[in-house]
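Chemist: Handing you a structure now.
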Amino acid sequence: MEKLTMAIQKSGRLSEDSIKLLKKCGIRIQNGNNKLKAKTNGFPLELIFLRDDDIPQYVEDGVADAGILGLNEVLEKNKQVEVIENLGFSRCRLSVAIPRDMDYPGKEALNGKRIATSYPILLEKFIRENGLKAEIHPISGSVEVTPGLGLADAIFEIVSSGSTLLSNGLKEVETVLQSEAVMITGTSLPQEIQGLLDQLLFRIRSVQKAAHNKYILLNAPESKLEQIISLIPGIKSPTMMPLAESGWYSLHSVISEDDFWDVIDQLKAAGAEGILVVPIENMVT
Ligand code: ATP
Ligand code: ZN
């Protein structure tokens with residue numbers, strides 16, 4: 001039988017969440033002794049464990065049909081691959097940072113400066129697009145320490161909380177790219193593989209939708225039903241069941257995390273009581 005081959009990070013910031021996502025899609029990794037590859041249960045999927053830097057090349061070459069890695073790394077490697085889905089984890093940004101006490105009237109402050117980075121391709125693009133003249137110092141490893149050591153005047157690196165910058169006396173001055181984990185594929189997949197990928201994507205989207213929504217149960221007085229129902233339209237419309245006490249109903253529906261607290265406040269104001277909110281495991285709509 002045909003199998004989808006997917007490359008994920010062997011160990012690092014992406015690996016745990018990649019495996020967690022697959023697990024939520026009903027896919028369990030079979031623990032073999034082989035550390036490069038693993039078979040799975042629950043889906044015709046084989047995993048290859050790689051350094052994230054190597055994933056675009058393996059996908060371009062067709063050794064892996066798909067891969068999960070940060071958008072930052074996909075763009076830096078610039079291979080013939082397609083980003084087919086944003087996965088919502090490992091969010092970070094690629095930014096320019098300079099010593100805290102350096103003046104920064106604008107991008108032109110970077111002219112003539114030495115910028116250390118482990119993303120030379122993306123930095124070159126940023127410099128070119130902004131008509132700047134700066135020196136790129138490609139470095140692998142702790143880029144943040146280079147200004148303090150006098151090796152560079154500025155850095156171009158991944159920032160998530162900003163605490164690493166802070167502890168190295170740096171400030172972020174330009175955000176060049178917002179990144180998150182994405183799924184990539186080769187540019188032309190065989191039809192059966194594409195079919196499997198579509199099935200997997202369907203599961204991933206269901207999981208993501210579920211994570212984004214909550215199941216809500218509440219009691220509503222008959223006189224306020226219409227108003228309360230309009231606040232929780234749900235997928236089709238809320239389920240409504242009469243309570244043992246006459247004049248009261250139990251309503252069940254789905255609400256989005258985005259406006260969660262607003263809706264709760266409005267429900268309370270409208271007279272809803274006994275509001276319960278529970279997580280949703282999966283959402284197939
Ligand atoms: P590998 O050994 O696989 O090459 P790595 O050292 O390049 O690992 P990690 O530090 O594990 O990579 O980060 C992998 C990805 O996680 C990054 O490319 C980025 O997309 C994302 N990421 C999210 N938050 C951060 C962060 N705070 N620092 C670095 N990367 C982050
Ligand atoms: Zn890497």
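The values are calculated or read from the model by the stated rules, or taken from the named source; none is laboratory data. Given the structure is predicted, the values throughout are model-derived calculations rather than measurements. Cβ coordinates were reconstructed from backbone atoms using ideal geometry, including for glycine residues, and neighbour counts include every protein chain displayed. SASA here: full protein model, heavy atoms, side chains in, ligands and nucleic acids out. Shrake-Rupley method; radii C 1.70, N 1.55, O 1.52, S 1.80 Å.
Chemist: Could you list, in sequence order, all residues of segment 74-99 that are under 21 Å from LYS125 (Cα atoms), open to solvent by less than 50 Å² (accessible area, probe 1.4 Å) and touching a Pro at 6+ places or on another chain (Cβ under 7 Å)?
Modeler: Hits for segment 74-99 are VAL74, VAL81.
Chemist: Taking the conditions exactly as written (more than 30 Å from ILE275 (Cα to Cα), polar (S, T, N, Q) and not in a helix (DSSP H, G or I)), does GLN199 satisfy them or not?
Modeler: no
Chemist: Additional query: Name the strands (runs of 3 or more DSSP E) wholly within segment 1-115 that hold at least 1 residues that are in contact with a strand residue (DSSP E or B) (Cβ under 9 Å, 6 or more places away or on another chain), under 30 Å from GLU172 (Cβ atoms) and β-branched (Val, Ile, Thr)?
Modeler: 4-9, 66-70, 81-86, 92-99
Chemist: Residues to consider are ILE68, ILE48, ILE29, ILE19; find the one that is touching a Lys or Arg at 6+ places or on another chain (Cβ under 6 Å), aliphatic (A, V, I, L, M) and either in the same structural domain as LEU201 (by TED's automatic domain parsing) or crowded, with 17+ Cβ neighbours inside 10 Å (or both).
Modeler: The match here is ILE48.
Chemist: Identify, from the list GLY88, GLY26, GLY70, GLY62, the residue that is more than 16 Å from ligand 2 (Cβ to nearest atom), under 13 Å from the mean Cα position of the chain (by Cα) and touching a residue at least 24 places away in the same chain (Cβ under 8 Å).
Modeler: When all the criteria are applied, what remains is GLY88.
Chemist: Something else: Hey, LEU166 hits all of (1) within 14 Å of ligand 1 (Cβ to nearest atom); (2) touching a residue at least 24 places away in the same chain (Cβ under 8 Å); (3) more than 21 Å from LEU69 (Cβ to Cβ); (4) aliphatic (A, V, I, L, M) but one; which does it fall short on?
Modeler: (2) is the only condition that LEU166 fails.
Chemist: Go through segment 241-274 and give me each residue that's open to solvent by 50 Å² or more (accessible area, probe 1.4 Å) and under 31 Å from the mean Cα position of the chain (by Cα).
Modeler: Scanning segment 241-274 gives GLU257, ASP258, ASP259, TRP261, ASP262, ASP265, GLN266.
Chemist: Which numbered condition trips up LYS37, out of (1) within 16 Å of ligand 1 (Cβ to nearest atom); (2) charged (D, E, K, R); (3) in contact with a Leu (Cβ under 9 Å, 6 or more places away or on another chain)?
Modeler: For LYS37, the exception is condition (1).
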